Amino acid sequence: MSQTFFISDHHFGHKLIIDFENRPFVDTEEMNASMIAKWNQVVNKEDTVFHLGDFSFLNKEKTQAIVSQLNGYKILILGNHDRGRSRTWWLDAGFDEVSDYPIIYKNFFFLSHEPMYMNKQMPYVNVHGHIHGQKYEGLHYYNVSVEQLDYTPVSFEQIRDAVVVNEEQ
C-alpha cells in the first residue's frame, strides 16, 4: 500500500546553507548523498512525496540526476528559491507535478512553502517549510523543513497524528 510523505528545503548543492542552518555536513557532496539516502530509506517507488519548495540550487542536469535517484511520485510546490525557474524547467528536471501555489490536501491541510496566516478559530493545519530550524507553536502549523525532520520525509499519518486532536477518553 502506498504512502504519502512531505518534506521541504533540501537546498541541494547550496554550499552556504550548511553554515546558515548549521547542517552536520562537511560539504555539499556529503549533504546531497545523505539527504538522498534518507529519502530513499522511507519512500518507496509507489509512494507520493510533496516537496514544499527550495529543492535545488544546481543546474538542470545536476538537478535531474538527483531527482532521478529519489523514490516516489514527486510533487513540487515552488519555494522562493525555485521561482527563478519555470514550471517546465522543474518538470524537465524530473518532477511529476509542479504547483506555483499552495495546495489543499484532504480538505484540511494547506500545503505551502512559506507559513500561511492561521488562527485558532480556523479548522485547518498549514504544512509548510521555509523557516528551517524555527518552529511555530500550536497545532495549526507543521514545519517539514529538513532540519526539523533529520533530513527524512515525514508521512501523512505522522503529521495527522501530531496535529489532529484525539477526543477519545
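Residues that are farther than 12 Å from I75 by Cα and in a strand (DSSP E or B) within the range 96-110 comprise I104, Y105, F109, F110, listed in sequence order.
Among the residues of the range 116-143, those that are open to solvent by less than 30 Å² (accessible area, probe 1.4 Å) and either of a type outside the set (A, V, I, L, M) or on the phi > 0 side of the Ramachandran plot (or both) comprise N126, H128, G129, H132, N143. Of the strands (runs of 3 or more DSSP E) lying entirely inside the range 1-95, the ones with 3 or more residues being open to solvent by 10 Å² or more (accessible area, probe 1.4 Å) and free of Cβ contacts under 8 Å to residues at least 40 places away in the same chain are found at 73-77.
Does S155 satisfy the condition of being in contact with a strand residue (DSSP E or B) (Cβ under 6 Å, 6 or more places away or on another chain) and closer than 23 Å to S2 by Cα? Answer is yes for this residue. The residue of the range 144-169 that is surrounded by the fewest Cβ atoms within 10 Å (Cβ to Cβ), among those that are among the charged types (D, E, K, R) and part of a loop (DSSP other than H, G, I, E, B), is E168. All conditions but one from (1) basic (K, R); (2) free of Cβ contacts under 8 Å to residues at least 12 places away in the same chain; (3) farther than 16 Å from F50 by Cα apply to R160; the one that does not is (3).
A count restricted to the range 96-107 and to residues that are surrounded by 13 or more Cβ atoms within 10 Å (Cβ to Cβ), free of Cβ contacts under 8 Å to residues at least 24 places away in the same chain and hydrophobic (A, V, I, L, M, F, W, C) stands at 1.
Of D96, D47, D92, all but one fail to be over 16 Å from the mean Cα position of the chain (by Cα), modelled with pLDDT of 95 or more and not hydrophobic (A, V, I, L, M, F, W, C); the exception is D92.
The values are calculated or read from the model by the stated rules, or taken from the named source; none is laboratory data. This is a predicted model, so every value here is computed, not measured. Neighbour counts are summed over all protein chains in view; Cβ atoms, including those assigned to glycine, are modelled from backbone coordinates with ideal geometry. Heavy atoms of the whole protein, side chains included, go into the accessibility calculation; ligands, DNA and RNA do not. Shrake-Rupley method; radii C 1.70, N 1.55, O 1.52, S 1.80 Å.
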